[in-house]
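Structure record follows, encoded as C-alpha cells.
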Amino acid sequence: MYYLYFFAMIFSISLYFIFSTLQNDQTVVEMVQASMNFSTAFQIAGILLILITIVFTMYATGIFIRRRSQEIGLYQLIGLSKAWVARVLILEHIILGLGALLIGTLVGALLSRLFLILFMNIIGLEVTFGLTFSGQALIQTLAVFTCLIAVTSLQIILTVYRSTLLQLFQANNQNDHFVKRPSIVSGILGLAGLSLIGFGYYMSTFIAYNADLLIYFMLIVLASTILGTYLVFHTTISWILYVFRKKQNGNLGLYNSLSVAPLMHRMKGHANSLTLITILSAMTITMISLSYSLYYSTEKDVRLAMPFDFAVENMPEEAALIKSSLEDEQIPFEQYQVDAIRFDGVWADQDPNVANRHRKTMLFSAEKMAQAGLDVERPQDGEAIYQSTRAVIEGMEVSSPKELQYASNDEDNSLTVSKSKLENVMNYRFHGDQLLVSEETFEKIRENIQEGAYEILSFEVFHLLDTTKSGAASDIFLTSVDSGEFITDFYSEHEASRQTFGLLIFIAGFLGLVFILSTGSILYFKQMTEAEQEKTHYRTLRQLGFQVNDMMKGIIRKQLFVYLIPLGIGLTHAAFALNVGSILIAASMLTPIIISMLAYIVIYLMFTVVTIRYYKSIVTNAL
C-alpha cells in the first residue's frame with residue numbers, strides 16, 4: 001500500500017539533496033557567478049521544492065491515515081489511549097521517513113555528479129568533476145526532513161485526537177449518493193464553468209498587447225480559468241454524465257456501470273483535487289515549454305538581435321585594430337562599412353502626452369545592408385520598415401501604416417512606417433530605433449533633414465567565416481574596444497543567454513518532475529482508495545459470473561476518463577498560455593512544446609497503467 005508513497009518520498013529527498021549539492025558546489029558557483037546569480041536561483045527553486053514536497057506528503061499522509069481509520073478505531077475500542085495510538089503511528093512514520101532519507105540521500109549523492117555534468121553541458125561549460133559528498137547539502141536535507149516529519153506528525157495527532165470512534169469506523173465508507181436530476185441552477189453553473197474558461201482564454205489574447213495592464217489581465221485570466229475549471233469538474237461533467245444516463249433510459253450495462261456511474265457519484269467530491277491537478281499540469285507544461293523554447297532558440301534569437309558578429313560605431317581606429325588582430329590570428333572574416341542617420345523622430349499618430357512618442361531613430365539603407373550580407377526586404381520608396389526584436393514587448397509593432405516626423409528643410413517632413421519585423425538590422429547595443437528604407441529614400445532624407453538635427457554614423461561590421469574560432473575572435477574584439485562603451489559581440493551574448501536559459505530549463509525540469517510526480521501520485525492514491533472501497537462490488541459481480549477481462553473494460557474506461565480529462569484540460573490551458581508566451585518572447589516554440597507535452601503525456605500515462613494494474617489485482621483477488 002505504501003510502495004509508491006515510499007518511492008515518492010525517496011524521489012523528493014533525492015531531488016532536494018541534488019539541488020542542495022549543486023547550490024553549494026563552489027566549482028560551479030565560481031564559474032558562473034560572473035554571469036548569473038546562480039545561488040539565488042537555486043535557493044528559490046529549493047524553496048518551491050520544499051513547499052511542493054510538504055503539500056504532497058501531507059495529502060498522501062491524510063489518505064493513508066484515513067485508510068487505516070478502522071485499525072485506529074479498533075485500537076481505541078480495546079482500551080488503548082489516543083496518545084498511544086498517535087505515538088505508534090508517528091513512530092511508524094518516522095521509521096518510514098528515515099528509510100526514505102537514507103536511500104534518498106545515497107541516491108542523491110550518486111546522481112548529483114551526473115546532474116552537475118548535465119547542467120554544465122546545458123550551459124556550455126566544460127569541466128572535470130570528482131565524486132564528492134556535500135556536508136552542507138546533507139545538513140539542509142536533514143533540516144527539511146525534520147520539518148516534514150514535524151508537520152506530518154502534527155497532522156497525525158490532529159487526526160487521532162479529533163476523530164470519534166464512529167467517524168473512524170465510517171471513514172472508509174463510500175459517501176456516494178444518487179445523482180438527482182440536475183436543477184436549473186446546476187445547469188447555469190455548468191454553462192458558467194465553460195463560459196469562464198472561454199472568457200479566460202479570450203482575455204489572454206490581450207495580455208501581449210497591453211503591457212501597462214499586464215498584472216490585471218493576468219489576475220483576471222487566472223481567476224476566470226481556475227474558477228471555470230472548478231465548476232467544470234464540480235457541475236458541468238456531472239450534468240453531461242446525467243444527460244448520457246438519461247439517454248440510456250437507466251440501462252447502463254456492465255461497462256458503463258463500472259465507469260460512468262462511479263464518476264457521476266464522486267465527481268463533486270473530486271472537484272477540488274482535479275482542479276488542483278489540472279492547474280498544476282498547465283503550470284508545469286507551460287513552465288517547461290517556455291524554458292525549453294528559450295533555450296532551444298537561443299542562437300536564433302541572439303542572431304536576430306545581433307545580425308553581425310562584431311560592430312562598432314564611429315570607431316575607425318578600433319575597427320582597424322580588430323581587423324589586424326584577426327588577420328594575425330588567421331581568423332577568416334568579412335568586413336563592411338555601413339552608414340546610418342541618427343535623428344529625433346516623433347510618432348505623429350500617438351498621444352502627445354505619451355512618453356515614448358519622441359524617440360531616437362537610426363535610418364539604414366536596405367541596399368547597403370544587403371551588400372553587408374543581410375537578407376533584408378527592400379521597402380517601397382518613401383516607406384520604412386521598423387526593425388526590432390522587441391517591437392511587441394515595447395508596444396511598437398506596426399499593425400497599420402504610421403507616420404514618423406522629423407525636422408526637414410521642406411514640406412516633406414514625415415516617413416511612412418508600413419510594417420514591423422521582429423529582427424534587427426544592426427546589433428541592438430547601439431542607441432536608437434532601427435528603420436530600414438530604400439537607398440533613394442535614405443539619400444533624400446539625408447539631403448532634406450535640417451542641419452544640426454541629425455548625425456551621420458559610420459558602422460564597421462564583421463562576419464566571422466569560421467565559427468570554431470568565435471571564442472578567440474570574441475576575446476580580440478573585447479580587448480580592442482573600451483569596456484566603458486558597453487559594447488558586446490554575438491559570441492559573448494550567445495554564451496551569456498545560453499547560461500541563463502540553461503539554468504532556467506534545468507530548474508524548470510527539476511520542478512516539472514516534482515509536479516508530475518505529485519499530481520500523478522495524488523490521482524493514484526485516490527483511485528487506489530476507491531478500488532479498496534469498491535472491492536465488495538467487484539466480489540458481487542464475480543460471484544454473478546462476470547469475467548475479470550469484461551469488468552476491466554469498464555474500469556479502464558473510468559481510469560482513462562479520470563486521468564485524461566484533467567490532462568486534456570491542463571494541456572488546453574497550457575496551449576493558450578504558451579500562445580501568449582510565443583508572442584512575448586518571439587522564440588521558436590513548436591518543437592519544444594511538442595516534445596514537452598509528449599513527455600508529460602507519457603509520464604502521466606505511466607501512472608494510468610500502474611493504476612489499472614492495481615485495479616486488476618483487486619478484481620482478480622475479489623473472490
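Figure legend. Inter-residue proximity from the range 222-245: first residues over 16 Å from Met283 (Cβ atoms), second residues surrounded by fewer than 19 Cβ atoms within 10 Å (Cβ to Cβ) and of a type in the set (Lys, Arg), beta-carbon distance below 8 Å, spacing 6+ or different chains. Indicated pairs: His234/Lys268; Thr235/Lys268; Ser238/Lys268; Tyr242/Arg181. For the range 176-268, the helices (runs of 4 or more DSSP H) that sit wholly inside it and include 2 or more residues that are of a type in the set (Gly, Ala, Ser), modelled with pLDDT of 80 or more and surrounded by 14 or more Cβ atoms within 10 Å (Cβ to Cβ) are 184-204, 214-231.
Do you know which residues across the range 296-349 are part of a helix (DSSP H, G or I) and open to solvent by less than 70 Å² (accessible area, probe 1.4 Å)? Residues satisfying the conditions are Thr298, Asp301, Val302, Leu304, Ala305, Glu318, Ala319, Ala320, Ile322, Ser324, Ser325, Leu326.
Ile117 passes every criterion in (1) surrounded by 13 or more Cβ atoms within 10 Å (Cβ to Cβ); (2) at pLDDT 85 or above; (3) closer than 24 Å to Ala508 by Cα apart from (2).
Residue-wise test of (1) of a type in the set (Lys, Arg); (2) under 19 Å from Val514 (Cβ atoms); (3) in contact (Cβ under 8 Å) with a residue 40 or more places away in the chain.
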site	(1), (2), (3)
Ile65	no, no, yes
Ile78	no, no, no
Thr152	no, yes, yes
Arg162	yes, no, no
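The numbered conditions (1) surrounded by fewer than 13 Cβ atoms within 10 Å (Cβ to Cβ); (2) without any contact (Cβ under 8 Å) to a residue 60 or more places away in the chain are all true for Gln136 except (2). For Lys526, the stated conditions hold: it is among the charged types (D, E, K, R), touching a His at 6+ places or on another chain (Cβ under 8 Å) and more than 24 Å from Glu367 (Cα to Cα). For beta carbons closer than 9 Å, sequence separation of 6+ or different chains, a first residue in the range 425-452 that is surrounded by 15 or more Cβ atoms within 10 Å (Cβ to Cβ) and a second that is assigned to a helix (DSSP H, G or I) and aromatic (Phe, Trp, Tyr), the qualifying pairs are Asn427/Phe490. Scanning the range 94-108 turns up no residue that is among the aliphatic types (A, V, I, L, M), assigned to a helix (DSSP H, G or I), at pLDDT below 85 and over 30 Å from Leu166 (Cβ atoms).
For beta carbons closer than 6 Å, sequence separation of 6+ or different chains, a first residue in the range 604-621 that is among the aliphatic types (A, V, I, L, M) and a second that is open to solvent by 40 Å² or more (accessible area, probe 1.4 Å), the qualifying pairs are Ile612/Ile556; Ile618/Lys535.
I'd like the residue in the range 453-469 that is out of contact with any Phe, Trp or Tyr (no Cβ under 7 Å at 6 or more places or on another chain), in a strand (DSSP E or B) and open to solvent by 10 Å² or more (accessible area, probe 1.4 Å) and, out of all such residues, is nearest to Gly345 (Cα to Cα). Among residues in the range 453-469 that are out of contact with any Phe, Trp or Tyr (no Cβ under 7 Å at 6 or more places or on another chain), in a strand (DSSP E or B) and open to solvent by 10 Å² or more (accessible area, probe 1.4 Å), the one nearest to Gly345 (Cα to Cα) is Glu455. Give the residue that is nearest to Glu423 (Cα to Cα), with candidates limited to residues of the range 283-295 that are in contact with a His (Cβ under 9 Å, 6 or more places away or on another chain) and open to solvent by 10 Å² or more (accessible area, probe 1.4 Å). Filtering the range 283-295 for residues that are in contact with a His (Cβ under 9 Å, 6 or more places away or on another chain) and open to solvent by 10 Å² or more (accessible area, probe 1.4 Å), the one nearest to Glu423 (Cα to Cα) comes out as Thr286.
Whether a residue is modelled with pLDDT of 85 or more and more than 40 Å from the chain's Cα centre (by Cα) was assessed, and Lys300 does not pass this test. Filtered by the rule that a residue be of a type in the set (A, V, I, L, M, F, W, C) and open to solvent by 20 Å² or more (accessible area, probe 1.4 Å), the range 491-521 gives Ala496, Phe501, Leu504, Ile505, Ile507, Leu513, Phe515.
Selection over the range 470-487 of residues that are at pLDDT 85 or above and open to solvent by less than 40 Å² (accessible area, probe 1.4 Å) gives a count of 8. Can you find a residue that is out of contact with any strand residue (DSSP E or B) (no Cβ under 8 Å at 6 or more places or on another chain), closer than 25 Å to Arg378 by Cβ and not in a loop (DSSP other than H, G, I, E, B) anywhere in the range 430-442? Yes: the range 430-442 contains one or more residues that are out of contact with any strand residue (DSSP E or B) (no Cβ under 8 Å at 6 or more places or on another chain), closer than 25 Å to Arg378 by Cβ and not in a loop (DSSP other than H, G, I, E, B). Figure legend. Inter-residue proximity from the range 315-337: first residues farther than 15 Å from Leu478 by Cα and in contact (Cβ under 8 Å) with a residue 60 or more places away in the chain, second residues among the aromatic types (Phe, Trp, Tyr) and surrounded by 12 or more Cβ atoms within 10 Å (Cβ to Cβ), beta-carbon distance below 6 Å, spacing 6+ or different chains. Indicated pairs: Phe333/Phe462; Gln335/Phe462.
The values are calculated or read from the model by the stated rules, or taken from the named source; none is laboratory data. Values in this document were obtained by computation on a predicted structure and should not be read as measured data. Methodologically, a virtual Cβ is constructed for each residue, glycine included, from the backbone with ideal geometry; neighbour enumeration extends over all protein chains shown. For accessibility, only protein heavy atoms count, side chains too; no ligands or nucleic acids. Shrake-Rupley method; radii C 1.70, N 1.55, O 1.52, S 1.80 Å.
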